[in-house]
């Protein structure tokens, strides 16, 4: 059972916005930075967001990250068919002394 | 260009040993930890542990301590993940990753292509 909780799936039509939540606790999200990863079908995950809301070079600004308390959110605006993928949140859990991830959210473009 | 290139797919029997590799290049090696991530079929991501290329210090996730061994050869900039006795439950894809940051501000900023390990009798 993943330590971080994500919805199993979200969907929207092209051009719309989707948000993916990642819920944790004070021992993980509440006191550590969150990162987000995109895994396109059949490929390795890729870093999308780090330090809660920073984008690596080359990641379009359609992707954004935010955090409030013990929850983090990934936002994708102007949804494209190429955004269909699994998305994972991750952070450190200070109590477990271990990296923890969410179970992943499948984004479907209708 | 940062690159992490992993060894190819493996098919093994329970009880056999295995070592998979990851050649890293394109950056200042001692500055970043190298890690291994397991992804079981249809499942999420698990960071198994990290190893420091400067001095080979290791940090294992509690779930993987004693189950696998991480090592590296700095002379050929290659990291390894090793099992002494595989189980069917080790069937998964394993990713080599570069860890940026440490502790509460870590992220996994570069990923290898993955190595599929299948353990079946």
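Step by step: first the residues of the range A:64-110, then only those that are away from every other protein chain (no Cβ under 14 Å) and in contact with a helix residue (DSSP H, G or I) (Cβ under 9 Å, 6 or more places away or on another chain), then the one that is nearest to residue A:2 (Cα to Cα). Which residue is that?
A:107
Looking at the range A:21-53 only, could you name the residues that are in a loop (DSSP other than H, G, I, E, B) and under 10 Å from the mean Cα position of the chain (by Cα)?
Looking only at the range A:21-53, we keep the residues that are in a loop (DSSP other than H, G, I, E, B), and these are A:24-34, A:40-45, A:51-53.
Selection gives A:34, A:52.
Looking at the range B:101-116, which of its residues are in contact (Cβ under 8 Å) with a residue 40 or more places away in the chain and more than 7 Å from chain A (Cβ to nearest Cβ)?
B:102, B:110, B:115, B:116, listed by residue number.
Can you pull out every residue in the range B:84-94 that is more than 11 Å from the chain's Cα centre (by Cα) and either surrounded by 13 or more Cβ atoms within 10 Å (Cβ to Cβ) or within 14 Å of chain A (Cβ to nearest Cβ) (or both)?
B:86, B:90, B:91, B:92
Each reported figure results from applying straightforward, stated rules to the coordinates on display, with no laboratory input. These numbers come from a predicted model, not from an experiment. Every residue, glycine among them, receives a Cβ derived from its backbone with ideal geometry; neighbour counts consider all protein chains shown.
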